[in-house]
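See below for the structure under consideration.
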Amino acid sequence: MARVESFDLDHNKVQAPYVRVAGVEQDAKGSTVQKIDMRFLQPNQEAFPTSAVHTLEHLLATYLREHLEGVIDVSPMGCRTGFYCIKWDESSPEEIATALEKTLQDVMDTEVIPAVTTKECGNYRDHSLFAAQEFVREVLEKGISRDPFERVLGENLE
Ligand SMILES: [Zn+2]
C-alpha cells in the first residue's frame with residue numbers, strides 16, 4: 001500500500017488550531033511544491049458542518065492567495081477539521097500562520113461569499129457565511145499555533 005503522510009500523523013496528539021508543513025516535494029528540474037496542513041478544529045472532537053466548510057473553501061481560495069505567494073490549491077479535509085494547501089516553494093510555519101491570520105481576518109470582514117451561482121459552484125445551496133464566520137472567530141480567539149503539538153502563537157496577535 002502507498003504510504004500517506006497524514007495517516008502517520010497522531011491525530012490524538014495535535015492541538016488545533018495550527019499550521020504544519022506536511023511535505024515538501026522536488027522534481028528533477030528543481031521545482032519545489034509544499035503541502036500544508038491547516039487544522040482549524042480539534043480532530044475527533046469537532047467538525048465543520050458542510051455549509052461552513054464549503055463557504056470557507058470559497059473564501060480561502062479567494063483570500064489566501066492575496067497573503068501567501070505561490071498558492072496552487074486549498075482544499076477541505078474529508079474529516080472537515082481543516083484544509084490542505086498546496087503551493088510553490090517553501091514557506092516557514094510563521095509565514096504561513098501569519099498569512100492565514102490575515103486571510104481569516106478578511107473572512108471576518110466580508111459580507112459576501114464569492115462564486116455561489118449554479119454556474120460557478122457545484123452545490124450552491126450548501127453555504128453559510130454566518131457559520132463560517134462563527135468558527136473563524138473561535139479560531140482567531142484561540143490563535144493559530146506554529147507547531148502542531150504544542151501551542152506556539154505569533155507575537156503580533158491582537
Ligand atoms: Zn462551491
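Annotations
- Restricting attention to the range 37-67, the residues being more than 16 Å from the ligand (Cβ to nearest atom) and out of contact with any strand residue (DSSP E or B) (no Cβ under 7 Å at 6 or more places or on another chain) number 8.
- The test for being more than 16 Å from the ligand (Cβ to nearest atom), charged (D, E, K, R), under 22 Å from LEU9 (Cα atoms) and modelled with pLDDT of 95 or more does not hold for LYS102.
- Within the range 119-134, no residue that is touching a residue at least 60 places away in the same chain (Cβ under 8 Å) and closer than 17 Å to PHE48 by Cβ sits with its Cβ atom under 8 Å from a residue that is among the acidic types (Asp, Glu) and near the ligand (Cβ under 7 Å from one of its atoms) at 6+ positions apart or across chains.
- A single entry from ALA61, ALA47, ALA28 fulfils the requirement of being more than 17 Å from ASP147 (Cβ to Cβ), in contact with a Cys (Cβ under 9 Å, 6 or more places away or on another chain) and aliphatic (A, V, I, L, M): ALA47.
- Test for SER92: is it among the small types (Gly, Ala, Ser), away from the ligand (no atom under 16 Å from the Cβ) and more than 14 Å from the chain's Cα centre (by Cα): yes
- HIS11 being modelled with pLDDT of 95 or more and not in a loop (DSSP other than H, G, I, E, B): no
- Test: residue in the range 71-78 that is surrounded by fewer than 19 Cβ atoms within 10 Å (Cβ to Cβ), hydroxyl-bearing (Ser, Thr, Tyr), within 15 Å of the ligand (Cβ to nearest atom) and under 13 Å from the mean Cα position of the chain (by Cα): yes
- Listed conditions (1) among the basic types (Lys, Arg); (2) part of a helix (DSSP H, G or I); (3) surrounded by 16 or more Cβ atoms within 10 Å (Cβ to Cβ) are all met by LYS87, apart from (2).
- Some residue of the range 44-57 being surrounded by fewer than 18 Cβ atoms within 10 Å (Cβ to Cβ) and more than 29 Å from TYR124 (Cβ to Cβ): yes
- Within the range 22-48, residues that are touching a residue at least 60 places away in the same chain (Cβ under 8 Å) have Cβ atoms under 6 Å from residues that are among the aromatic types (Phe, Trp, Tyr) in these pairs: MET38/PHE83; ARG39/TYR18, counting only partners at least 6 apart in sequence or on another chain.
So that you can scan it fast, the table gives a plain yes or no per residue for (1) outside any loop (DSSP other than H, G, I, E, B); (2) surrounded by 13 or more Cβ atoms within 10 Å (Cβ to Cβ); (3) more than 16 Å from the ligand (Cβ to nearest atom):
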| site | (1), (2), (3) |
| --- | --- |
| GLU111 | no, no, yes |
| GLY122 | no, no, no |
| ASP126 | no, yes, no |
| ALA131 | yes, yes, no |
| GLU155 | no, no, yes |
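The values are calculated or read from the model by the stated rules, or taken from the named source; none is laboratory data. Given the structure is predicted, the values throughout are model-derived calculations rather than measurements. As a convention, Cβ positions derive from the backbone with ideal geometry for all residues, glycine included, and neighbour counts pool all protein chains shown.
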